[in-house]
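Asks: One structure follows; several queries about it will come next.
The values are calculated or read from the model by the stated rules, or taken from the named source; none is laboratory data. A quick note: this is a predicted structure, and the numbers were derived from the prediction, not measured. Using ideal geometry, Cβ is built from the backbone for each residue, glycine included, and neighbour counts are taken over all protein chains shown. Areas reflect the complete protein model, heavy atoms only, side chains present, ligands, DNA and RNA absent. Shrake-Rupley method; radii C 1.70, N 1.55, O 1.52, S 1.80 Å.
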Amino acid sequence: IAETYYGLAQSSLDNASESKTYFERAASTYVSILDRAKKDKAFSDKDRLAGVRLRLANCKRRQGEFEEADKLLKALIVERPRAADVQFEAAYVYFDQGLVGKTDFLKKAVDGVNRGQKGEVWGWTELSTRLQRLIADGRTETRDRYGDKLYEAWYNASLCRQKLGQAQPTTAKKQAELEISKSVIETFVRITVDIPDDWWKKFDRLYRQIQSDLG
């Protein structure tokens, strides 16, 4: 039931009100699962409950309840510090807050938080680097599993820098961030082969926008 509501929410993202309603229903059902698991240890295993908590964090983020999402993710990162899906969601929690005007969160999204310490959030730059290294082994199954995530991380690293540049108070600082944003795409294209058409078009549109922002 929770997954059904979650799927309906994802498929109706272009309708904010409808999507929010479905995310709320999904979140409520995920909470019910977690509550039952506390009372009945045989109800679900630890790994599955971690997935439920991650889904709940995603729902909370989509509802704009960033503090609740952040709290859930911090606990998950302590338990699973190298889980890419958890690190992605943590970066999105910061990114989405940055997009609603909290500029300092854009920097957290791209650079990470508590780097080198327990409970660190990698951020888009580190995620793109780690995934690039992982896929460099050349195995088809690795590329099939992480290929889209690789493109997503690099794209968001550039997009985040672009948004950060637009939010800067001075022309010099704006130009500096935008140049970094542009170089992220240029680097990605140089070191990556066989970029799918849909992702190529997304990177191309963003690159053109950055060029426009730079004048």
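Asks: Name every residue in region 51-66 that is touching a residue at least 40 places away in the same chain (Cβ under 8 Å) and assigned to a loop (DSSP other than H, G, I, E, B), in order of residue number.
Replies: If the condition is that a residue be touching a residue at least 40 places away in the same chain (Cβ under 8 Å) and assigned to a loop (DSSP other than H, G, I, E, B), then Q63 is the only one that fits.
Quick grid of which residues meet (1) part of a helix (DSSP H, G or I); (2) modelled with pLDDT under 95; (3) open to solvent by less than 60 Å² (accessible area, probe 1.4 Å):
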site: A26; (1), (2), (3): yes, no, yes
site: K38; (1), (2), (3): yes, yes, no
site: K41; (1), (2), (3): no, yes, no
site: S44; (1), (2), (3): no, yes, yes
site: L49; (1), (2), (3): yes, yes, yes
site: E68; (1), (2), (3): yes, no, no
site: L73; (1), (2), (3): yes, no, yes
site: F88; (1), (2), (3): yes, no, yes
site: A91; (1), (2), (3): yes, no, yes
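Asks: Please pick out the residue among Q97, Q168 that is in a loop (DSSP other than H, G, I, E, B) and modelled with pLDDT of 90 or more. Can you show your working first?
Replies: On the way: Q97 fails: in a loop (DSSP other than H, G, I, E, B).
Being in a loop (DSSP other than H, G, I, E, B) and modelled with pLDDT of 90 or more holds for just one of Q97, Q168, which is Q168.
Asks: Tell me, yes or no, whether region 123-140 has at least one residue that is modelled with pLDDT of 95 or more, surrounded by fewer than 20 Cβ atoms within 10 Å (Cβ to Cβ) and under 17 Å from E89 (Cβ atoms).
Replies: Yes.
Asks: Please name all residue pairs, on different chains or six or more residues apart, with Cβ atoms under 9 Å, provided the first residue is in region 124-140 and is under 21 Å from G98 (Cβ atoms) and the second residue is open to solvent by 60 Å² or more (accessible area, probe 1.4 Å).
Replies: E126/R115; L127/K149
Asks: Let me ask something additional. Quick one: what pairs do we get from region 200-215, first residue surrounded by fewer than 13 Cβ atoms within 10 Å (Cβ to Cβ), second of a type outside the set (A, V, I, L, M, F, W, C) and part of a helix (DSSP H, G or I), C-beta under 8 Å, 6+ apart or different chains?
Replies: Q211/K182
Asks: Within region 121-154, count every residue that is in contact with a Cys (Cβ under 6 Å, 6 or more places away or on another chain) and outside any helix (DSSP H, G or I).
Replies: Let us first name the residues in region 121-154 that are in contact with a Cys (Cβ under 6 Å, 6 or more places away or on another chain), namely 124.
From what's left, outside any helix (DSSP H, G or I): none.
Result for region 121-154: 0.
Asks: Here's a follow-up. May I ask you to list the residues in region 158-192 that are farther than 20 Å from E126 by Cα and either open to solvent by 90 Å² or more (accessible area, probe 1.4 Å) or not hydrophobic (A, V, I, L, M, F, W, C) (or both)?
Replies: Selection gives Q166, Q168, P169, T170, T171, K173, K174, Q175.
Asks: Here is a check on your reading of the model: is V110 open to solvent by less than 20 Å² (accessible area, probe 1.4 Å) and either in contact with a Cys (Cβ under 6 Å, 6 or more places away or on another chain) or among the acidic types (D, E) (or both)? Please lay out each step first, then the result.
Replies: On the way: open to solvent by less than 20 Å² (accessible area, probe 1.4 Å): yes; either in contact with a Cys (Cβ under 6 Å, 6 or more places away or on another chain) or among the acidic types (D, E) (or both): yes.
It is true that V110 is open to solvent by less than 20 Å² (accessible area, probe 1.4 Å) and either in contact with a Cys (Cβ under 6 Å, 6 or more places away or on another chain) or among the acidic types (D, E) (or both).
Asks: In the set S19, S11, which member is under 21 Å from the mean Cα position of the chain (by Cα), open to solvent by 80 Å² or more (accessible area, probe 1.4 Å) and among the polar types (S, T, N, Q)? Spell out how you get there, then give the answer.
Replies: Details: S19 fails: open to solvent by 80 Å² or more (accessible area, probe 1.4 Å).
Going through S19, S11 in turn, the sole match is S11.
Asks: Shifting gears a bit: Filter region 164-215 for residues that are small (G, A, S) and closer than 22 Å to K102 by Cα and give the result. Before you say what the answer is, go through the steps one by one.
Replies: Of the residues in region 164-215, the ones small (G, A, S) are 165, 167, 172, 176, 181, 183, 212, 215.
Across region 164-215, the qualifying residues are G165, A167, A172, A176, S181.
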